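Right, one structure below, let's go through it.
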Amino acid sequence: MDVVAKSIIRVKGLSKKFEEVQAVDSVDFSICEGELFGFLGPNGAGKTTTINMLTGLARPDKGSIRIQGIDCSANPKAAQHLMGIVPDESNLYPELTGYENLAFCGALYGMKRQSRESRARQLLEQFGLADAANRKFARYSKGMKRKLTIAAGIVHSPPILFLDEPTTGIDVASARQIRQLIYDLNAGGTTIFLTTHYIEEAERLCRRIAFIVSGKIVRTDTTDNLMRLTEGRHIVQFALSKDIEGLASAMEKEFPGIKCRELIGATVRIESGKPIFIGPFVKFMEDRGAEVSEARKIRPSLEDVFVEITGIEAHAMKGEKEKGDNSK
Amino acid sequence: MKSNTAFWSILLKDTRSYYLKPPNISWGIIFPLAWTGMFFMRSGQGLDSIPGLLPGVVAISVLFGTTSLLSVTITFEKKGRSFERLLLAPISLELLMLAKTTGAIIFGIVNAFVPVIMAAFFTDLSGVNWITLIPAIVLIAISSTFLGLFVAVSVSEVFEAQTFSNFIRFPMLFLCGLFFPIEQLPVFLKPLSYIMPLTYGADILHFSFQRAGHMPLAFNFFMLIAFCTILFQMSLRNIRRNWIL
Ligand SMILES: Nc1ncnc2c1ncn2[C@@H]1O[C@H](COP(=O)(O)OP(=O)(O)O)[C@@H](O)[C@H]1O
Ligand SMILES: [Mg+2]
């Protein structure tokens, strides 16, 4: 099968600079029809800017964008009817009810009254918001707002859906529901472009992932292939009674062939291509004045791959200050 | 047509959310009434003077009716990011901005008739030339809406939109020949008069109410239409340049 023929989004050499910041730097990727593709990167990596360029809210400095064969770099409006867009902040109308918001969004895409009204009711039902259908959007909780914003993005049943950090800043239960909804949508055939800074979310949802850092894609691969990189790798994590200055480099020098990282909270992680016997390590650390209270074998995850490839510590991603939901 | 559905829905939503809100309706009626009453009383010339005052009062009503809510329907929605939804919809920017301004234009036209209807109770309006008056009111409403639009898309904060539109609205009242002829203005202010669309609209209003226009009618209409076109195009250009990053 010809891969090119199947790809619904093709991006080449996409770049965008804001004053001094190179927000997106020569980005290439293509997304196949029906795929769930993830952009994983820390805050400020250029995820939103990329979505904005693909959807027509920002003008690329360079590069080409083709969506279902339509050249969007020349005319950003040309493919907008194919897209559903869920922004990182809920931007529906606070003074309208949930139902009115959905019906209005349907109308923006040219849906006739009957079909948009029945679609709105069906989506409210599907997203568990039927009880809040006639409540003003301003009164919704954050999780409900996000769900309605996703519903608004798919009211016209677009073949392509852009989701910008769909679970950032909302409670765990709503986030889980939203992930399920995204999964179901994709299973129903919608091509999804999702950005996230949650490594686990990308690992669980996406079939293919691009790691993006400082505007550059450092790696694109299927989640399966990325996870394969963790095969044959052994990780043990030690909890210590206190931090030890320069422990990681001292250990790497003492035990050639291992990789050692100090994590937050007096925790040390050791990685090796061979099984790890903890005795010598515990002794080494105890000799330096720290009690070892726990040694735990860790199943390698995408997080480890991400750290290895990008050089960004995972907690730097998780520790991001959550952006609040600014909609009124 | 699919874009028609979008156009009407945007217009309907703005009408419901903004123009038909009780405070705005009452503002739209009370404000012209207050101006009318004030000028009729101040003039102290009896009811005969009403046709002479109507151009000014009608123009004020249109000017304030059209521009007062644009800072909300445009600047506020831009700041709240709901405007992005409209920019992402598969309709042309031209049609989108027409949908966003038609509400203001209609609101301004309705406001214009408040003083006219009120005057009809006190004086004989049979001498009014409706054939020129109605198109003039429509064009004044469109041009002042687009002036307000231009301000609204050139700033990013609601208070800036309001401040700037006052900065334009109030001088217009004095510079456009509504209450005293432009000839009486100091020489250095006259050029300002002629770069304001309302000057040409006011001239048609004077003609329509009292046969007292100074410039040829066709020229006035031409200038109004030219201002509408230029202001709309400049607004679109600003949106494309500043809002689509
Ligand atoms: N409108 C803008 N003006 C100036 N800089 C911007 C603008 N939008 C984004 N940036 C910068 O571009 C970079 C990428 O931002 P963004 O695409 O929002 O990242 P992400 O969505 O991955 O968090 C950041 O450094 C950000 O500060
Ligand atoms: Mg972002």
Picked from the range B:130-160 (must be among the polar types (S, T, N, Q) and modelled with pLDDT of 90 or more), the residue farthest from B:T73 (Cα to Cα) is B:T132
If we ask which residues in the range A:12-33 are in contact with a strand residue (DSSP E or B) (Cβ under 6 Å, 6 or more places away or on another chain) and surrounded by fewer than 24 Cβ atoms within 10 Å (Cβ to Cβ), their number turns out to be 13
Listed by range, helices (runs of 4 or more DSSP H) wholly within the range B:30-146 having at least 3 residues that are over 26 Å from B:E160 (Cβ atoms) are B:50-67, B:93-122
Of the residues in the range A:39-53, those that are more than 14 Å from chain B (Cβ to nearest Cβ), near ligand 1 (Cβ under 6 Å from one of its atoms) and surrounded by fewer than 24 Cβ atoms within 10 Å (Cβ to Cβ) number 2
Per the filter on the range A:166-184, residues over 27 Å from A:G110 (Cα atoms) and within 16 Å of ligand 1 (Cβ to nearest atom) are A:T167, A:T168, A:G169
Of the residues in the range A:58-73 that are within 12 Å of chain B (Cβ to nearest Cβ) and within 18 Å of A:V21 (Cα to Cα), the one that is nearest to ligand 2 (Cβ to nearest atom) is A:A58
Pairing a residue in the range A:11-36 that is assigned by TED's automatic domain parsing to the domain that holds A:D71 with any residue that is away from ligand 1 (no atom under 16 Å from the Cβ) and of a type in the set (G, A, S), where Cβ atoms lie under 6 Å and the two sit 6 or more apart in sequence or on different chains, gives A:K12/A:S64; A:S26/A:G13; A:S30/A:S7; A:C32/A:S7; A:G34/A:G189
Given (1) in contact with a strand residue (DSSP E or B) (Cβ under 8 Å, 6 or more places away or on another chain); (2) open to solvent by less than 30 Å² (accessible area, probe 1.4 Å), A:K147 misses just (1)
For A:V155, the lone unmet condition from (1) in a loop (DSSP other than H, G, I, E, B); (2) away from chain B (no Cβ under 12 Å); (3) open to solvent by less than 20 Å² (accessible area, probe 1.4 Å) is (2)
Here, helices (runs of 4 or more DSSP H) confined to the range B:151-244 with at least 3 residues that are open to solvent by 50 Å² or more (accessible area, probe 1.4 Å) are B:158-175, B:190-194, B:217-242
The residue from A:P87, A:P76 that alone is within 9 Å of chain B (Cβ to nearest Cβ) and either over 22 Å from the mean Cα position of the chain (by Cα) or farther than 22 Å from A:L185 by Cβ (or both) is A:P76
Within the range A:56-67, restricting to residues that are within 13 Å of ligand 1 (Cβ to nearest atom) and open to solvent by less than 40 Å² (accessible area, probe 1.4 Å), the one that is farthest from the chain's Cα centre (by Cα) is A:P60
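The values are calculated or read from the model by the stated rules, or taken from the named source; none is laboratory data. The model shown is predicted, which means the values in this text are computed figures rather than measured ones. So basically every Cβ, Gly included, is an ideal-geometry build from the backbone, and we count neighbours across all protein chains shown. Remember, those area values only see protein heavy atoms, side chains included, never the ligands or the DNA or RNA. Shrake-Rupley method; radii C 1.70, N 1.55, O 1.52, S 1.80 Å.
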